[in-house]
Structures are given as C-alpha cells and as structure tokens.
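The values are calculated or read from the model by the stated rules, or taken from the named source; none is laboratory data. Given the structure is predicted, the values throughout are model-derived calculations rather than measurements. Neighbour counts are summed over all protein chains in view; Cβ atoms, including those assigned to glycine, are modelled from backbone coordinates with ideal geometry. Protein only, heavy atoms only, side chains kept; ligands, DNA and RNA dropped before computing areas. Shrake-Rupley method; radii C 1.70, N 1.55, O 1.52, S 1.80 Å.
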Amino acid sequence: MYDAKSIQAIEGKYLELLDDLDERGRRRWAAVEARALGHGGISAVARATGLAHATIRAGLRELDDPPLSGDRQRHGVYDIPNNEAAVSVGISHDTAEFAVAAIRRWWLQLGRKRYGKARRMLITADSGGGNSSRCRLWKLELQRFADESGMMIEVCHYPPGTSKWNRIEHRVFCHITRNRRGVPLETLEVVVQSIGATTTETGLEIHAWLDEGTYDKGRVVSDEELAECNIKRNDYHGEWNYEIHPHEY
C-alpha cells in the first residue's frame, strides 16, 4: 500500500498535466504511472486521480496492444470551394513522402478531373510533422510532384502554434473524430470506411483510401539535392511562403 504522501505526489503530477490531456491521454498517463509503481499501483493512482480502476486497466491494455488509429498516420486534402476532402490512411510512418503521396493521389483521382487546366496549386500546411516548413524532404518530394504535374506549387505554412487555423482541422478532421466515436477500429478497412462515411449538414464529402506504401523515417536530403529544388521564396516570410517551380526538361 502507498501512504498519503505518495498519493499526494501522484495527485500533484496529475493536476499539473490535467489541462493538457484529453480523455485518452489521462487514461494512458494513469496507466503508465500505475505500471511504474508496480503492485498496488492501480489502486494508488485511482485514489490520487479519481479515475476508475477499470479506466486505468483499459489504459494498460492500450499500452500493451495499441488500437489502430488514422490520427498518427493520416494526411488530408481539403478542397475548400467544393467542400470535398480526401484522406489517406497509412500503415508505416507519417513522413513527408507520405504527405506528398496523399496530395498526389488526390490530384490524380479527384483534382485533375476538376482542375485539369490548372497551372499552379496552392497548398496551406502547418509547420510540424512531415510537412514542416523546415523539412527538406517535404520540399524535395513537392519538387518531384511539380515536375510530374507540370504545375507550380505554392506553399503557405501556418506559423508554429496556429495549425488549428487551417480549415481542414475544423471542417474535416473534427467531424471524422466525432463520426467514429464509439466505433472499434479493429482493422484498417474499418478505419477507411469510418472516415469515408463521414458527412455533415453542409454537405461535406470525404474520400478515404489506404496507402500501403512504406515510408521510412530519418531519410536524409543532402545539400546538393536541396539545391536542385527550384524554390522561389516570397518576400514576406519566405521561410513559410514559397513557390516550387517545375524544372524544364
């Protein structure tokens, strides 16, 4: 058994993190803490946090057998004027290659039919993850896409900490999350079907597909490779706003 001082210490840590954790985060934090305490850990954490024993045990099961999630390995494209989105669900890692592959697939399967005469594409993206404004691989893969499509790719990154301003967050992903609430994501097919079945009163249409490609983390882009990219930075915050022009062959 753990004494009152130990319980108070656990409670203090929990209260410090409480505002930064959602329900899943609280459950998993409690599970990690209980496991670290060893015998009697579940009861101690339950007393300190007020969480039910069953909730902490559910967190422990998730640590041992993580559920499938499209959150860590999905990247979406949202066509604003047509209220249409496309979401890729990956099986490996959320890298720049995966992000650009999602854009490429949207263009080939949906965008080209509607905007086939377009000579430029505007992409708004956040500043973290695979599509980070600092990611060399992101720029290299976009250069390849520009060369393939013949389009000039203009990129505008949201400043750090403002990714929620991106319309895809509150017009697409929030509805996806709500639609799959309570649905056990037992297979990748269920994940894809759940995303594709998402609709809203405003007529949002979402296309979802499984990307079975393998995207390795840690791929290094050399200075020489980056120098080959035909990048023109904007005068205003060129680190966040730039154009990638296709090479002329």
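Points to keep in mind about this one:
- In the chain, the longest principal axis of the Cα atoms and the axis of helix 23-37 are about 50 degrees apart.
- Chymotrypsin sites (Phe, Trp or Tyr not before Pro) lying in DSSP loop within the stretch 189-242, provided at most 12 other Cβ fall within 10 Å: Y236
- Using equal-weight Cα scatterers in the Debye expression, the normalised intensity of the stretch 1-113 in log10 at q = 0.15, 0.16, 0.24 Å⁻¹ is -0.72, -0.76, -1.22.
- Computed from backbone phi, the HN-Hα couplings of the stretch 222-239 come to 6, 4, 5, 5, 5, 5, 6, 6, 8, 9, 10, 7, 6, 5, 8, 6, x, 6 Hz, rounded to whole numbers (Karplus: 6.51 cos²θ - 1.76 cosθ + 1.60, θ = phi - 60°; Gly and Pro given as x).
- Sites R24 and N230, calculated FRET efficiency, Cβ-Cβ separation with R0 45 Å, nearest 0.05: 0.60
- When each of K5/K164; K13/K217; K13/K139; K117/K232; K113/K232 is checked by Cα-Cα distance, pairs over 30 Å: K5/K164; K13/K217; K13/K139
- Once the C-beta distance of R181 and R61 is scaled by a Förster radius of 22 Å, the resulting FRET efficiency is 0.70 to the nearest 0.05.
- Rotationally averaged projected area of the chain (alpha carbon convex hull; nm²): 16.7
- Other-chain or far-sequence residues with amide H under 5 Å of H93's (modelled H): Y215
- Low-density loop positions, GluC sites (Glu not before Pro), the stretch 119-219 - DSSP coil, at most 11 other Cβ in 10 Å: E186, E201, E212
- Convex hull of Cα atoms in the stretch 122-249, direction-averaged projection (nm²): 10.3
- On a per residue basis, the stretch 26-154 carries 47 Å² of accessible surface, using protein heavy atoms and a 1.4 Å probe.
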